[in-house]
Amino acid sequence: MQVLKVRSRQREELVEITDRVKQALEDSGEQEGVLVLYVQHTTAGLTVNENADPDVPRDMLHLLRTVIPQHGMGFRHGEENSDAHIKATLVGSSVTIPFHEGKLLLGRWQGVFLCEFDGGRERQVIMIVK
Amino acid sequence: MQVLKVRSRQREELVEITDRVKQALEDSGEQEGVLVLYVQHTTAGLTVNENADPDVPRDMLHLLRTVIPQHGMGFRHGEENSDAHIKATLVGSSVTIPFHEGKLLLGRWQGVFLCEFDGGRERQVIMIVK
Amino acid sequence: MQVLKVRSRQREELVEITDRVKQALEDSGEQEGVLVLYVQHTTAGLTVNENADPDVPRDMLHLLRTVIPQHGMGFRHGEENSDAHIKATLVGSSVTIPFHEGKLLLGRWQGVFLCEFDGGRERQVIMIVK
């Protein structure tokens, strides 16, 4: 088990952690199996998506903000971050990625992102290889 | 492998199962690994989110109902529960949570919920630890 | 580890792969554990949902297209497929399904689908059993 601390700077932000995850897998010495990342928070998620063009994360946050606005929806939760809780559940709190011969089997355009929906904060991600 | 029977009472409801999952992990005697929960239904899902304020689940169901209404969308599926199928896919049919020294690594505010979108019913959740 | 090649024919399509996944599990000879499927693309996902009535996948794609339209949202990503990236993240890049005595523990109405959001193309799905 490893723990990754991930720092976000804005309320909504996709923070790429691909290189850190690859390094952590290498450090584990494991060769075959699946890598699980799990975020220990209720207003952040994890996803795999394109890491080449920064407009992809930008468009994703823009769409989610449009469909699930922070205000004006009649939300009752007093923290004014119900939108962030909902986005976290839709994106999901974990990602599972296979690896082979010690290498993460990401596709050519895939990167791993912490999805921050109520930052900036330090977030904690647990990594397990099996 | 263990099977959890979960009873919902309303058409849409987040039923917390955290304590039952913790107990089932303890019963398994496993100390290190990941716990997988899987729901064997197509109109219910599983998620991890805040279990302190009941307004968080309430706001989540409210938003999903607004964006994915049961009626008026031109759905063709004759059961009149296409909204429930779609919500189930967006939330997901499984959650994967790491554990360490026999304890589930949930964050401070995290609980585990069965997401009922077409109840009330009895639902079946499979639990595996690896 | 096995690799499944999946062919889609339309821009948006749910391609059922249940039988191929069951066969691949049988070929593995494994009896107890979890099966992980992982799609190596950023504009396609994987889900478990109803495979009896084709109107369920149809309604799902219809709703997603309504809420996350390809055009007119102010997307900046030049490939004109930001909608597909977002749908892929919401549906998710992997599914995890338990199996017991060599049989996948799908519920009565559950099938496994590759969710194509920017096809038709050949897609690659990695399968691992643990």
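Miscellaneous remarks
- Some residue of region B:76-93 being among the basic types (K, R), closer than 21 Å to A:T47 by Cα and modelled with pLDDT of 95 or more: yes
- Qualifying residue in region A:60-80 (condition: crowded, with 22+ Cβ neighbours inside 10 Å, of a type in the set (S, T, N, Q) and under 30 Å from B:I68 (Cα atoms)): no
- Residue selected from region A:1-17 under the condition basic (K, R) and in a strand (DSSP E or B), by the criterion surrounded by the fewest Cβ atoms within 10 Å (Cβ to Cβ): A:K5
- Top-ranked residue of region A:101-123 - restricted to ones that are hydrophobic (A, V, I, L, M, F, W, C), more than 14 Å from A:V39 (Cα to Cα) and in contact (Cβ under 8 Å) with a residue 40 or more places away in the chain, ranked as nearest to the other protein chains (Cβ to nearest Cβ): A:W109
- The test for being of a type in the set (A, V, I, L, M, F, W, C), touching a strand residue (DSSP E or B) at 6+ places or on another chain (Cβ under 8 Å), over 16 Å from B:P57 (Cα atoms) and more than 8 Å from chain A (Cβ to nearest Cβ) holds for B:I126.
- Only one of the listed residues (C:T96, C:T42, C:T89) is of a type in the set (V, I, T), in contact (Cβ under 8 Å) with a residue 60 or more places away in the chain and surrounded by 17 or more Cβ atoms within 10 Å (Cβ to Cβ). That residue is C:T96.
- Elements of the type strands (runs of 3 or more DSSP E) sitting completely within region A:30-100 and holding at least 2 residues that are hydrophobic (A, V, I, L, M, F, W, C) and within 10 Å of chain B (Cβ to nearest Cβ): these cover A:33-39.
- Odd one out for B:R20, checked against (1) within 14 Å of chain A (Cβ to nearest Cβ); (2) in a helix (DSSP H, G or I): (1)
The values are calculated or read from the model by the stated rules, or taken from the named source; none is laboratory data. Everything numeric here is computed off the predicted structure, so don't read it as measured data. Cβ atoms come from the backbone with ideal geometry, glycine included; neighbour counts cover every protein chain shown.
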